[in-house]
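Structure first, then comments.
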Amino acid sequence: MIADHYPDGVNARALPPAIPADALARQARLRATLQAMERRAPSREAPGLQAFRTLLLSGAAKDPDAAIHAVAAADLAEEAGEILRSSRRGVTDRAWFEALSSRLSPVIQKAQQKRAALWHLDSRRTLIRFRFSKQGEALGFDDGDLHAILLMAFRLEGFRVTLDLGKRPQPLLTLGLPLPAQAGGAAESADVVLRQEPAGPPGELMARLNRRLPEGLEIRRWEPLPVYAAPVGDLARLSHWRWDVPTEHRAQVEAAVARFNAASAWPWDRGGAKADDPLDLRDIFTDLTWVDGALTFSSRMGEYLALNPLKALGAVTGLESSRITGLVRIGVELKPDPRLAQAERFEPKLKNMYEDAVVLGAGSNIVLVDEDDDEPLRLG
């Protein structure tokens, strides 16, 4: 059976003592957040998956046949497998767990093979790009926390997130741009691929998810896109920031910004493996200006996408990154998506291929032949 199991792989087992205390506290906070989200309202998750989670909690006391049949009949075997993998660390009855895994494995393999064969024929999948804000009590969440929280919200509200085609399929939900803990965001983005576009107006869908989300996180925009749309990380040009500098640091920051703006170069040696390859922060940070008492500036994306803005700002001001509070990303400039400009190369093919797949699934003797070798279909 599974001991102290919580959704999406979060569990209450004792962790190795080598893990720092702050990391343990962060894990405990995330665990409490996910539990609170689950208590807010009854789950809308597919009944078959709810039954499977119940099976994991009850362990050997319950026969798994009914639960396995339910997930197979509802085409949920892969999702059940993902739940099973995330529960492995909490296992107390190893023999029972391995027996369950063995019985479910062929069902999962069959579902994976079917989905992989029809992946490029499935026009029902839809990509949703949603914008959300992170502020207040949510500032302590990092990217990993946000990923788990957002996945939980979609699961509890019954949105079926598509799994990727990896060896161990994972839900296709990705955050747009990195944002460290303690940095806020007014217009952050994430992409989620759903098995099909959900029914209902965007305002209603966002309201459902927002009722699940913890204080400080709010989805504010919902934009359906073709599944071949480029990710935000490939399109981002500039991030725009606003820093309400704490009073006790104001004089130091003002002097540092004046020196930075007057310098022709500002090399930053980040240490470690990159010690011989310093970055010039004058090439990354631009337009450092005081507006209404706050410092505003922009940072280049592209190759600097994963740069921690708190550490980089600390290199400019001389402050430890842990002492920089009140930094908020207020917007992002994106390049036009070249893939969307080529929609005519994708949509007709998807439609025609999916119609052919339906015919094939009905037992027809028609065979699909790809005669367009010079113009392959690219979906991502």
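Quick notes on this structure:
- Pair list, Cβ under 6 Å, 6 or more apart: the range 37-57 residue closer than 16 Å to Gly81 by Cβ, other residue in a helix (DSSP H, G or I) and at pLDDT 95 or above: Glu45/Arg155
- Test: residue in the range 123-139 that is over 20 Å from the mean Cα position of the chain (by Cα) and either among the acidic types (Asp, Glu) or at pLDDT below 95 (or both): yes
- Considering Leu76, Leu127, Leu104, the condition of being farther than 21 Å from Arg195 by Cα and buried (at least 19 other Cβ atoms within 10 Å of the Cβ) is satisfied by Leu104 alone.
- Where Asp143 falls short, out of the listed (1) under 30 Å from Asp244 (Cβ atoms); (2) crowded, with 17+ Cβ neighbours inside 10 Å; (3) among the charged types (D, E, K, R): (2)
- Residue among Ala294, Ala199, Ala306 that alone is on the phi < 0 side of the Ramachandran plot and without any contact (Cβ under 8 Å) to a residue 24 or more places away in the chain: Ala199
- Cβ-Cβ under 7 Å pairs, at least 6 apart or on other chains, the range 131-143 side over 13 Å from Gly176 (Cα atoms), far side modelled with pLDDT under 95 and buried (at least 19 other Cβ atoms within 10 Å of the Cβ): none
- Out of Thr33, Thr92, one residue alone is outside the structural domain of Glu197 (by TED's automatic domain parsing) and surrounded by fewer than 17 Cβ atoms within 10 Å (Cβ to Cβ). It is Thr92.
- All strands (runs of 3 or more DSSP E) inside the range 92-195 with 3 or more residues being under 30 Å from Arg323 (Cα atoms): 126-134, 184-194
- Checking Ala312, Ala262, Ala258 one by one, the residue that is surrounded by 18 or more Cβ atoms within 10 Å (Cβ to Cβ), among the small types (Gly, Ala, Ser) and modelled with pLDDT of 95 or more is Ala312 and no other.
The values are calculated or read from the model by the stated rules, or taken from the named source; none is laboratory data. Worth saying up front: this structure is predicted, and the values here are computed from it rather than measured. Virtual Cβ from ideal backbone geometry, glycine too; neighbours counted across all protein chains shown.
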